[in-house]
Amino acid sequence: MSKIFKIDGRDYVASLPTGWLSETYKENEFDQALRAGCKLDLSKASWCWEVLEDGTQLLRGVPTLDRNWVPVQTALPEIGFRPVLMPLVDDAPVFDDTVYAGKDGQTVKLGSLRVKDGDITIENTKKGTPIEWGVFGGKLIALTNLVDGVTYEELAKMGYGSYNPDEKIDETILSGGYILLTTYAMLSAEEYEETEDWDETPITYVAIKFEYLLNNLKELKYFDLSDLLYNYTYDDLEYFAIEAMSDHAVAFMYRPSLDKKFRFPVTCKRSAMYALLDFVSGHLQENGFESASKYIDCWLEL
């Protein structure tokens, strides 16, 4: 989740940075900023947007650059709020990547911090001490935590995150660097005839490469990955999933209501097989086959 502020006459989306990393995928916002040369203060940890079903949240920025999962209620002086700002096109909720184009690694001063009545806002630069940001990929990331000692739960209440213990966010992320999304199923001519009179259109679970999603957020008209995951519709992704399949960015499609439940790309990478096994493991566990699921999980960890 994110918030929109008007800073010095321009609208910006403020959100927590993505920070997830797998062996096969490294293009999250925190790592992008580091590779762009942003002078980030790593002496303290910063909340990222990724949350697990067990109520733990991802932290980045500790001196060793380790990724730590801690309870969302954790309140420590060395853990804080470091937002990412994304400039928008005038009067439109679309990322404007031209504002800071060609300035990766540079430091800019923009906006000032306001903390009042349990809320954190960013105001015009002249209203207080200017905030220093690092530029990466057209976006800005605060060089240091703007507020320390704040919990993720508190940030979620302010609109910077979304936490509900019943949400299974961890099931969205699959091994191999894939994200599991849902949309309308891609049907053959024969399948279309068979399902034409159904009350509901068949759906498909599609595993799309994490990097591919991030690179196409602008096309999908979402602010960031968390905005997409929490707010996307089946219509948004129907044709995008087809494009992703043709671009070799899909591990598999699972269509539970059809006879041919799985569809695979012509060629599958090793990482796609990891994603498939992870999905099958979760499906087995949901249907009461915990032992089989554990065997697969153990194999994945080898």
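Could you grab me the full set of residues in region 50-90 that are of a type in the set (A, V, I, L, M), under 22 Å from GLU154 (Cα atoms) and at pLDDT below 75?
VAL51, LEU52, VAL62
Can you tell me which residues in region 237-278 are farther than 21 Å from GLU194 by Cβ and basic (Lys, Arg)?
Answer for region 237-278, where residues must be farther than 21 Å from GLU194 by Cβ and basic (Lys, Arg): LYS269, ARG270.
Would you say TYR254 is surrounded by 19 or more Cβ atoms within 10 Å (Cβ to Cβ), hydroxyl-bearing (Ser, Thr, Tyr) and modelled with pLDDT of 85 or more?
Against the criterion (surrounded by 19 or more Cβ atoms within 10 Å (Cβ to Cβ), hydroxyl-bearing (Ser, Thr, Tyr) and modelled with pLDDT of 85 or more), TYR254 qualifies.
I want to confirm something. Restricting to region 147-168 and keeping residues that are assigned to a loop (DSSP other than H, G, I, E, B) and of a type in the set (Phe, Trp, Tyr), which single residue is modelled with the highest pLDDT?
Taking region 147-168 first, the residues assigned to a loop (DSSP other than H, G, I, E, B) are 149-151, 159-168.
Cutting the leftovers down to of a type in the set (Phe, Trp, Tyr) gives us 160, 163.
Working: TYR160: 85, TYR163: 55.
Only one residue tops the list, namely TYR160.
So for region 259-272 (the condition being under 30 Å from PRO83 (Cα atoms) and either assigned by TED's automatic domain parsing to the domain that holds LEU180 or crowded, with 18+ Cβ neighbours inside 10 Å (or both)), does at least one residue qualify?
Taking region 259-272 and keeping what is under 30 Å from PRO83 (Cα atoms), we get none.
The answer is no, given that none of the residues of region 259-272 is under 30 Å from PRO83 (Cα atoms) and either assigned by TED's automatic domain parsing to the domain that holds LEU180 or crowded, with 18+ Cβ neighbours inside 10 Å (or both).
Let's see how each residue does on (1) β-branched (Val, Ile, Thr); (2) at pLDDT 85 or above; (3) under 11 Å from ALA207 (Cα atoms); (4) surrounded by 15 or more Cβ atoms within 10 Å (Cβ to Cβ):
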residue: ASP227; (1), (2), (3), (4): no, no, no, yes
residue: THR233; (1), (2), (3), (4): yes, no, no, no
residue: ASP236; (1), (2), (3), (4): no, no, no, yes
residue: ASP247; (1), (2), (3), (4): no, yes, no, no
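Among the residues of region 1-28, how many are modelled with pLDDT under 85 and within 18 Å of ASP96 (Cα to Cα)?
1
Can ASN145 be described as over 24 Å from GLY19 (Cα atoms) and out of contact with any Pro (no Cβ under 7 Å at 6 or more places or on another chain)?
Details: over 24 Å from GLY19 (Cα atoms): no; out of contact with any Pro (no Cβ under 7 Å at 6 or more places or on another chain): yes.
So ASN145 does not fit the description; no.
Is it the case that some residue within region 34-49 is modelled with pLDDT of 90 or more, part of a helix (DSSP H, G or I) and under 18 Å from the mean Cα position of the chain (by Cα)?
Yes: region 34-49 contains one or more residues that are modelled with pLDDT of 90 or more, part of a helix (DSSP H, G or I) and under 18 Å from the mean Cα position of the chain (by Cα).
Please give the number of the condition TYR192 fails out of (1) at pLDDT 80 or above; (2) part of a loop (DSSP other than H, G, I, E, B); (3) of a type in the set (Phe, Trp, Tyr).
Tallying (1) at pLDDT 80 or above; (2) part of a loop (DSSP other than H, G, I, E, B); (3) of a type in the set (Phe, Trp, Tyr), TYR192 fails exactly one: (2).
Exactly one condition in (1) modelled with pLDDT of 85 or more; (2) surrounded by 16 or more Cβ atoms within 10 Å (Cβ to Cβ); (3) part of a strand (DSSP E or B) is false for ASP31; which is it?
(3)
The values are calculated or read from the model by the stated rules, or taken from the named source; none is laboratory data. All values reported here derive from a predicted model rather than from experimental measurement. FYI the Cβ positions are ideal-geometry reconstructions off the backbone, even for glycines, and counts take in every protein chain you see.
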